[in-house]
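One structure is given below, encoded as structure tokens.
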């Protein structure tokens with residue numbers, strides 16, 4: 001294999017690997033100017049104030065993220081970053097699911113003949129990438145987001 005062909009193969013592999021870690025969105029509303037991801041709050045139900053839907057979000061934890069908590073943290077961080085890039089100040093979280101991945105072992109062998117000589121080769125490949133966690137949500141924008149902690153209702157008499 002020539003050096004230029006090997007370089008092209010390495011570049012293509014890198015692009016595919018990075019594409020596997022990307023987040024995506026489908027616009028359902030009007031995006032706004034990007035904001036800091038730290039300003040994006042996650043809601044596990046309706047926030048209780050009027051909101052405008054901006055986009056459907058989808059992401060995954062990444063090919064080399066180990067540990068369930070790390071996978072969940074990665075998904076939440078990527079959802080916030082994607083929402084913030086669209087100007088959303090909230091996410092209606094829709095859940096996570098285990099995706100593809102997992103380990104495997106492959107064995108290969110080959111023979112050939114060239115110039116009156118015979119050649120034999122063999123190889124073993126090992127894949128140790130963990131299963132990815134995938135997450136979904138809806139990017140939303142609220143003019144008046146609810147306070148971080150809503151006040152407790154007065155005691156009943």
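The values are calculated or read from the model by the stated rules, or taken from the named source; none is laboratory data. If you're wondering where the values come from, they're calculated on a predicted model, not measured in any experiment. Cβ atoms come from the backbone with ideal geometry, glycine included; neighbour counts cover every protein chain shown.
Okay, here's what the table says:
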{"read-out": "Selection from segment 24-48 of residues that are closer than 16 Å to residue 135 by Cβ, in a loop (DSSP other than H, G, I, E, B) and either touching a residue at least 60 places away in the same chain (Cβ under 8 Å) or touching a helix residue (DSSP H, G or I) at 6+ places or on another chain (Cβ under 6 Å) (or both)", "value": "40"}
{"read-out": "Strands (runs of 3 or more DSSP E) wholly inside segment 90-148 that include at least 1 residues being in contact with a helix residue (DSSP H, G or I) (Cβ under 6 Å, 6 or more places away or on another chain), closer than 28 Å to residue 31 by Cα and at pLDDT 75 or above", "value": "90-98, 133-141"}
{"read-out": "Segment 63-89 - residue that is in contact with a strand residue (DSSP E or B) (Cβ under 9 Å, 6 or more places away or on another chain) and assigned to a loop (DSSP other than H, G, I, E, B) and, of those, surrounded by the most Cβ atoms within 10 Å (Cβ to Cβ)", "value": "88"}
